[in-house]
Amino acid sequence: MLKIKNLKFTHPDQKSPFDFSLTCKPGTITAITGPSGIGKSTLLDLIAGFLVPTSGRIHLNDIDLIPYPPELRPVSILFQADNLFDHLSVKNNLALGLEAKTPDPTKKIVDALAQVGLPDFIGRGAKNLSGGQQQRVALARALLRNQPVVLLDEPFANLDGKTAQHMRKLVKTLTVKNNWHTLLVSHLPEDGNGYADTLYQLD
Ligand SMILES: Nc1ncnc2c1ncn2[C@@H]1O[C@H](COP(=O)(O)OP(=O)(O)O)[C@@H](O)[C@H]1O
Ligand SMILES: [Mg+2]
């Protein structure tokens, strides 16, 4: 269980602090919706460790994550776009999700690509992919990292309706299969109602 309790943060020039509380069970998607500028990305940055809260708690299975720097947090992140290095191949983008000493990395990469529906993409250049294909490769990298907390910041906002629907299904399947605590922030109502297991509306 991921538990966030009274996590407070104030940006420069902000009048009253953000104060976030939520819980997310393993194997479920928790959506956080709300208009632009309400603090959705700030919340994910706090969980990822890019921002440091003034007070409050982030506990994963009763372990306090706040003392850990971003690179040691058990977290994978997927943004709206620009998740891949354009100048690298799909294979090398995915290799970044693996630890250096991983045995048989190519097999693991091929397997992750198959799981996101891109079985023959290992030799492609990242810059030649469509937006939807790039998001799927980024999701494959989250699979390879295999961290228990997956943070998705407007992951479907740049995709056409059909591709977005495909990605929603994929995220749900992978969340259940891998027991991820998936936090999805979005301004799109369709990412909340009828899709997420739990829905928080920021106001
Ligand atoms: N680095 C920053 N410095 C100052 N203010 C910021 C910074 N980042 C975000 N903000 C402000 O904090 C608020 C929340 O931003 P953000 O978390 O990005 O919202 P959302 O993701 O919901 O659109 C906005 O008013 C934004 O202008
Ligand atoms: Mg945002």
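The numbers here are math on the coordinates, done by the rules we state, and not lab data. Here the structure is a predicted model, which is why all the values come from computation and not from measurement. As a convention, Cβ positions derive from the backbone with ideal geometry for all residues, glycine included, and neighbour counts pool all protein chains shown.
The table below gives the values:
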read-out: Net charge over other residues, Cβ less than 15 angstrom from the Cβ of Pro53 (K, R count +1; D, E count -1); value: +2
read-out: Lys/Arg +1, Asp/Glu -1 at C-beta; the chain dipole; positive extreme among Trp180, Thr10, Thr163; value: Trp180
read-out: Positive minus negative residues near Thr23 (Lys, Arg vs Asp, Glu; Cβ under 13 Å); value: +2
read-out: Share, in percent, of DSSP beta bridges within the chain that are antiparallel, nearest 5; value: 40 percent
read-out: Estimated dipole of the range 79-145 in Debye, rounded to 20 [Cβ of Lys and Arg +1, of Asp and Glu -1, Cα centre]; value: 60 debye
read-out: Computed log₁₀ I(q)/I(0) - Debye formula, equal Cα scatterers, no solvent, the chain, q 0.09, 0.10, 0.12, 0.14 Å⁻¹; value: -0.34, -0.42, -0.60, -0.82
read-out: Gain on full stretching of the segment that runs from Asp82 to Asp197 - 0.36 nm per residue minus C-alpha separation; value: 38.7 nm
read-out: Reachable aspartates and glutamates from Lys127, criterion Cα separation under 12 angstrom, eight or more residues apart if same chain; value: Asp82, Asp86
